[in-house]
Amino acid sequence: MANLVHTVQEYINKMLGDVPGMKILIMDVETTGIVSIVYSQSSVLQKEVFLVDRIDRERNEKLLHLKAVYFLRPTQDNFKRLVEELKNPNFHEYYLFFSSFVPQDQLQRLAEADETDSIRQVQEFYADYYAVNKDLFTLNIPSTINLLTPEWHKLGRSVFDRMVEGVIGCLLSVRKKPVIRFARSSELCRQLADEVQSRMDEEPSLFEFRRTEVSPVLLIVDRRDDPVTPLLNQWTYQAMVHELIGISNNVVDMRPKRTQAAGAAPVKPEQEQLVLSQEQDRFFADNMFGNFGDLAVAIKEYVDLYQQQTNSNSKIQSIEDMQNFIESYPEFAKLSGNVSKHVAVLHELGRQVESRSLLDVSKLEQEIACTDARADHFREVMGRLHSPTITNIDRLRLVLLYALRYENDDKITSLTEVLRQHGIEENQIKLVDAIVQYAGSHVRGGDLFGNKNFFTAFQGKMRSTLKGVPNVYTQHHPLLSSTLDLLIKGKLRETEYPSTTSADFRARTNEIIVFMIGGVTYEEALHVQQMNNNPQIPVRIILGGSTIHNSMSFLAEVSQLVIRDGGRSLSDAGTGKFGRTLNLGYA
């Protein structure tokens, strides 16, 4: 299957390349993010783009010498603004590109508004998702909680429709007409699967792709089946940055107020917002799935190389030493480019690991996630709760993990009482009950903590040649990993993952698109990447979700259940390669 980043880039290249001469590119909030995550500003300017603007910004100046390229989601607001624009044009010619299906009645509205015959092209380009990695996409929907209410057709209809459009956009962009399978335990998964199937049936010409010997599979799953993965600390670079600092559209905000951690070092102006892009940053591409210790080694190799070139005798044995070296040799930062950026990120990660005792916390998290030892876990969790070196959010996460594994244990009350003693607010303590309500055993499909295939324990010892980067153990595998393994082997049970159409459930597929309602994690993206790169697994997998969670965003979503009880949130025609060309009804 196609590289998602390259697929969206190809759409943009086609869009801008087919309109010769100087032009203005106008987008909405979502398409601005969709483009910026895969296309740098300098790349846009190279396409003779004079200006990039937003459709919701008022324009007082007419630029009738320019052509306007619009790339928009086909929403009611966007059509309304387009109609107003066409009635009083600000540009010479209009080239309209939409990221999803355009309803016929909206085409008619555009035709009627274009009294000056300014529209030269209208086309659907199915870049309706945020391509984060080559095999990972998100829809940037922060919460799907409203879909869990009986009134979701009123409260969450727009969220549901956005998921349908995003999934359809992904399928069309990679040119696949899949067999759809979904988690039977989730009514949401069934409804999404049925709606995607219905859209495919309604637009058969759009899905007339070359037939393959084995049909690709669209697997729709629910975050509630695995609430453990988003709660765990991470130790690979991309996942760790998102957990401890946060990544939004590949941008990391390094300012201390965003890290929410006391003791963060002042940030240089040029390093306040850093881009971590697989396409634009070779060092990141090489190390994004590497563990914390290996990352430190990789950066140290760059620093050592510079030392050799400058005959420097500075002794570098720790992350702190690297940070001091770069500050002492500003020319290194200039020559090394991205490396100094990653040293700044690594320094912040290391600071949080040490100040929050995350290695000890993570080890206990892993043990709770992967083993059944109620008495030992209670004793160890109680001990960590009383430790002065861990933060309240880490205390809360340990209790949440314990509550998920031992949800009927009377001792949970003792643990929540200790949380109160440490000043944790009552609405946050209510998350212990809320997470069981959200994803307890009565909700989950299968047996999250009893499936031996899921928790096949292993110990991967991280190596390190730097002081201050101790070894850690990682045992946990996301539930998605074992689900995909069964699907690849043709052993995923029909009773647990039925299909919207008749299908041979024992047939092995070599192309899988996964969509997770409620959000995915970078840990799951890591396992998908490992499967894609394993020569013994002849399969290509794309992973997508309504959002990409870290523990804070996941708890913010679960806290919506607390809010309802009066609490507060944790954080206040045929298809060508490039889409369908549409006819407005006039020449």
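The values are calculated or read from the model by the stated rules, or taken from the named source; none is laboratory data. Keep in mind that what you see is a predicted model, and the values were worked out from it rather than measured. In this analysis, Cβ positions are derived from the backbone assuming ideal geometry, glycine residues included, and neighbour counts consider all displayed protein chains. SASA here: full protein model, heavy atoms, side chains in, ligands and nucleic acids out. Shrake-Rupley method; radii C 1.70, N 1.55, O 1.52, S 1.80 Å.
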*Single residue of region 340-396 satisfying the filter (of a type in the set (S, T, Y) and either under 28 Å from Q273 (Cα atoms) or in a helix (DSSP H, G or I) (or both)) that is most open to solvent (accessible area, probe 1.4 Å)*: S355
*Within region 114-129, how many residues are open to solvent by 10 Å² or more (accessible area, probe 1.4 Å) and in contact with a Ser or Thr (Cβ under 9 Å, 6 or more places away or on another chain)?*
2
*Return the residue satisfying two criteria in turn: it lies in region 80-126 and is assigned to a loop (DSSP other than H, G, I, E, B) and hydrophobic (A, V, I, L, M, F, W, C), and of such residues it is nearest to the chain's Cα centre (by Cα).*
F125
*Search region 26-43 for residues that are of a type outside the set (F, W, Y) and pair each with any residue that is surrounded by fewer than 20 Cβ atoms within 10 Å (Cβ to Cβ) and part of a helix (DSSP H, G or I) when their beta-carbon atoms are under 7 Å apart and the residues are at least 6 apart or on different chains.*
V38/Q9
_Test set (1) under 26 Å from the mean Cα position of the chain (by Cα); (2) within 20 Å of V228 (Cα to Cα); (3) at pLDDT 75 or above - Y473 fails condition number_ = (3)
_Residues satisfying the stated conditions in region 531-547, i.e. among the polar types (S, T, N, Q) and out of contact with any helix residue (DSSP H, G or I) (no Cβ under 9 Å at 6 or more places or on another chain)_ = N532, N533, N534, Q536
*Residues of region 527-543 being among the β-branched types (V, I, T), modelled with pLDDT under 95 and either part of a helix (DSSP H, G or I) or open to solvent by 30 Å² or more (accessible area, probe 1.4 Å) (or both), which ones?*
I537
*Checklist (1) touching a helix residue (DSSP H, G or I) at 6+ places or on another chain (Cβ under 9 Å); (2) surrounded by 21 or more Cβ atoms within 10 Å (Cβ to Cβ); (3) in a helix (DSSP H, G or I) applied to H153, failing item*: (2)
*asked:* Need a quick list: strands (runs of 3 or more DSSP E) entirely within region 206-277 having at least 3 residues that are modelled with pLDDT under 95 and at negative phi.
replied: 251-253, 273-275
*Spot the failing condition for K177; the list is (1) charged (D, E, K, R); (2) open to solvent by 40 Å² or more (accessible area, probe 1.4 Å); (3) farther than 26 Å from E496 by Cα, and only one is missed.*
(3)
*Condition check for L25: over 29 Å from the mean Cα position of the chain (by Cα) and of a type outside the set (S, T, Y)*: no
*asked:* Any residue that is surrounded by fewer than 20 Cβ atoms within 10 Å (Cβ to Cβ), out of contact with any Leu (no Cβ under 8 Å at 6 or more places or on another chain) and within 26 Å of S248 (Cα to Cα) - is there at least one of those in region 82-97?
replied: no
